[in-house]
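Reading through the structure tokens given below for one structure.
What follows is calculated from the coordinates using simple rules that are stated; it is not laboratory data. Quick caveat, the model's predicted, so the values are computed rather than measured. A quick note on method: Cβ atoms are made from the backbone with ideal geometry, for glycine too, and the neighbour counts reach across all protein chains shown.
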Amino acid sequence: MFGFRKQSRLPTAEEALPGRATPMPVPASHFVNHRPLQPPFPDGLAQAVFGLGCFWGAERQFWQTPGVWTTAVGYTAGATPNPTYQEVCTGRTGHNEVVLVVFDPTEIDYPALLKVFWESHDPTQGMRQGNDVGTQYRSGIYTFGERQQALAERSREAYEAALQRAGHGRITTEILPAPVFYYAEEYHQQYLAKNPGGYCGLGGTGVGCPTGRVAEAPAATAR
């Protein structure tokens, strides 16, 4: 995950790489649970997208979470269509490394996923996560519908208060309606299942997220 030019600001439209019209080929199934990575998903499932640093460890954190049906890694919140990993690493696409989480809301609710998100990384670091420095490692929540947006914003307020009580700084996490999700290359999908000794920079602050202060609401249905 190292070796590319590190960027601390998002590119302008003029600076962004042009990308391409051709989508990335996507594996037919998840390497671990053998379920589809792409829609259509079964009725009743919902989806969420999170960015919390290098997406290898982040994806494993979510596929191991009970109630999560499938996961995939990709790029979002940038300007370049269908970017490659090498392009994202230049800092000239504006994309974040993210995890698509498809979940069963009868088994796990959205606030519980937010708790996993907040507690699995340090959301106060800006354009970095530990030793991973650059715009692609920023903390982000990308929401489906007004209810997810409201829940994410309330959880940010609650967790920031908890962090500040523990001596941490302000949260820098961006919370946006979910932009286009571009699937990452096949070798990135479920990378740490294929490479058990691979790099994982995931690490939290040790501060618990007070999910009891975040009211629940129906999740967005996956399509």
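How high is the relative contact order of the chain? Use alpha-carbon pairs under 8 Å, at least six apart in sequence, and give a whole percent. Walk me through the numbers before you get to the answer.
On the way: 505 pairs, mean separation 69.6, N = 223.
It comes to 31 percent, rounded to a whole number.
I'd like to know which of Ser29, Ala46, Tyr187 lies farthest towards the positive end of the charge dipole of the chain, counting +1 on Cβ of Lys and Arg and -1 on Cβ of Asp and Glu.
Tyr187
For the residue pair Thr106 and Asp43, what label-to-label distance in nm results when each label sits 7 Å from Cα along the Cα-to-beta-carbon direction?
Rounded to a tenth, the inter-label distance reads 1.2 nm.
Cα gyration tensor of segment 1-115, axes a ≥ b ≥ c as square roots of the eigenvalues: rounded (a/c below 1.5), prolate (a/b > b/c) or oblate?
Values: a/c = 2.18, a/b = 1.80, b/c = 1.21.
Note, shape of segment 1-115 comes out prolate.
Rounded to the nearest 500 deg cm²/dmol, what is the calculated helix-only ellipticity per residue at 222 nm for the chain, with -39500 (n - 2.57) per DSSP H run of length n ≥ 4? Show your work: numbers first, answer last.
Details: 5 runs with 48 residues, N = 223.
Rounded to the nearest 500, it is -6000 deg cm²/dmol.
Using a simple charge model, +1 on the beta-carbon of Lys and Arg, -1 on the beta-carbon of Asp and Glu, nothing else, what dipole does segment 130-212 show about its Cα centre, in debye to the nearest 20? If you can, show how the numbers build up before the last one.
Numbers: 7 positive and 8 negative charges, 50 e Å.
Its charge dipole is roughly 240 debye.
Calculate, for Ala28 and Gln64, the FRET efficiency according to 1/(1 + (r/R0)^6) with r their C-beta to C-beta distance and R0 25 Å; round to the nearest 0.05. Could the numbers behind the result be given before it?
Working: r = 22 Å, r/R0 = 0.87.
It comes to 0.70.
Just flag the chymotrypsin sites (Phe, Trp or Tyr not before Pro) in segment 25-112 sitting in loop per DSSP whose Cβ has no more than 15 other Cβ atoms within 10 Å.
Values: sites: Phe31, Phe50, Phe55, Trp56, Phe62, Trp63, Trp69, Tyr75, Tyr85, Phe103; in loops: Phe31.
Those that pass, being in a loop and sparsely packed, are Phe31.
By the gyration tensor of its Cα atoms, with a ≥ b ≥ c the square roots of the eigenvalues, what is the shape of segment 98-223: rounded for a/c under 1.5, prolate for a/b over b/c, or oblate?
Numbers: a/c = 1.63, a/b = 1.09, b/c = 1.49.
The shape class here is oblate.
Taking R0 as 22 Å, what FRET efficiency do you get between Glu174 and Thr12 from their Cβ-Cβ distance, rounded to the nearest 0.05?
The value I calculate is 0.80.
About its Cα centre, how strong a charge dipole does segment 46-201 have in debye, to the nearest 20, once Lys and Arg get +1 and Asp and Glu get -1 at the Cβ? All intermediate terms of the calculation are to be shown ahead of the outcome.
Working: 11 positive and 16 negative charges, 63 e Å.
Magnitude of the dipole: close to 300 debye.
Rounded to whole Å and sorted largest first, what semi-axes of the equivalent ellipsoid does the C-alpha gyration tensor of the chain yield via the square root of 5 times each eigenvalue?
Numbers: eigenvalues 117, 96, 55 Å².
Working through the eigenvalues yields semi-axes of 24, 22, 17 Å.
Longest segment of the chain with no GluC sites (Glu not before Pro) in a DSSP loop having at most 16 other Cβ atoms within 10 Å?
Numbers: sites that count: Glu14, Glu15, Glu107, Glu185, Glu216.
Here the longest segment lacking exposed loop sites spans 16-106.
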